[in-house]
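So the structure is just underneath, and the comments pick up after that.
The values are calculated or read from the model by the stated rules, or taken from the named source; none is laboratory data. If you're wondering where the values come from, they're calculated on a predicted model, not measured in any experiment. Here the Cβ is made from the backbone with ideal geometry for all residues, glycine too, and neighbour counts use every protein chain on show. Areas reflect the complete protein model, heavy atoms only, side chains present, ligands, DNA and RNA absent. Shrake-Rupley method; radii C 1.70, N 1.55, O 1.52, S 1.80 Å.
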Amino acid sequence: MNRRRFVCALSGLLVTAGLPAAGRELPGITPLTKSKSEWKTLLPSERYAVLFEEETERPFTSPLNHEKRNGTFVCAACFLPLFDTAHKYDSGTGWPSFRDPFAGAVGTRKDFKLIWPRTEYHCARCGGHQGHVFTDGPAPTGLRYCNNGLALLFVPASEALPALRT
């Protein structure tokens with residue numbers, strides 16, 4: 001193993017230390033499997049690109065950056081609840097950021113699209129790409145779930161959550 005590979009591998013281990021285990025499922029939640037062509041017909045093109053082609057929206061463009069009402073952020077593809085507003089904070093990065101998802105709501109995997117390995121997270125139900133998780137977040141978790149706004153829908157606490165998509 002050359003030095004560059006060793007440094008990249010080591011940094012990947014350090015970045016992901018303490019992160020949630022990959023592939024966890026919510027109790028009682030059945031994974032939703034649809035083909036990319038099915039998702040493409042259900043979602044606007046910008047949402048589809050972020051959720052199923054792992055694109056990234058431009059920073060500071062999501063209206064969810066400024067959302068401060070009590071409520072729940074759900075996956076824009078399958079409507080699984082992912083985050084509570086109590087865990088949202090302004091990270092200054094230009095994307096909605098959270099310190100903690102609902103237990104089991106997201107899965108993680110290594111992302112090597114940049115030279116430096118990152119930890120991507122996705123909806124545990126439909127696999128839709130949400131964003132990346134970093135270890136520079138606030139207490140108590142120390143994590144920053146940096147989310148694409150297009151991958152989320154906000155549901156105010158005064159409204160019922162949408163039924164899970166089938």
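A few points about this structure:
- Hey, THR108 at pLDDT below 95, open to solvent by less than 10 Å² (accessible area, probe 1.4 Å) and of a type in the set (Val, Ile, Thr) or not: no
- Hits in the range 46-68 - residues which are out of contact with any helix residue (DSSP H, G or I) (no Cβ under 6 Å at 6 or more places or on another chain) and of a type in the set (Gly, Ala, Ser): ALA49
- Across the range 139-153, the qualifying residues are those that are at pLDDT 95 or above and not hydrophobic (A, V, I, L, M, F, W, C), and the one among them that is farthest from GLU67 (Cα to Cα) is GLY142.
- Within the range 58-76, tally of residues that are open to solvent by 20 Å² or more (accessible area, probe 1.4 Å) and either in contact (Cβ under 8 Å) with a residue 40 or more places away in the chain or in contact with a Leu (Cβ under 6 Å, 6 or more places away or on another chain) (or both): 8
Residue by residue, here is whether (1) in contact with a Gly (Cβ under 9 Å, 6 or more places away or on another chain); (2) at pLDDT below 95 holds:
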| site | (1), (2) |
| --- | --- |
| LEU13 | no, yes |
| LEU19 | no, yes |
| GLU25 | yes, yes |
| THR41 | no, no |
| SER45 | no, no |
| PHE52 | yes, no |
| THR56 | yes, yes |
| PRO59 | yes, no |
| SER62 | yes, no |
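- Filter pass, PHE98 being open to solvent by less than 60 Å² (accessible area, probe 1.4 Å), more than 24 Å from SER45 (Cα to Cα) and either among the hydrophobic types (A, V, I, L, M, F, W, C) or modelled with pLDDT under 95 (or both): yes
- Number of residues in the range 150-160 that are surrounded by 14 or more Cβ atoms within 10 Å (Cβ to Cβ) and not in a strand (DSSP E or B): the value is 2.
Table: residues versus (1) free of Cβ contacts under 8 Å to residues at least 60 places away in the same chain; (2) crowded, with 21+ Cβ neighbours inside 10 Å.
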| position | (1), (2) |
| --- | --- |
| PHE102 | no, no |
| PRO117 | no, no |
| GLU120 | no, no |
| CYS126 | no, yes |
| PHE134 | no, no |
| GLY137 | yes, no |
| ASN148 | no, yes |
| PRO162 | no, no |
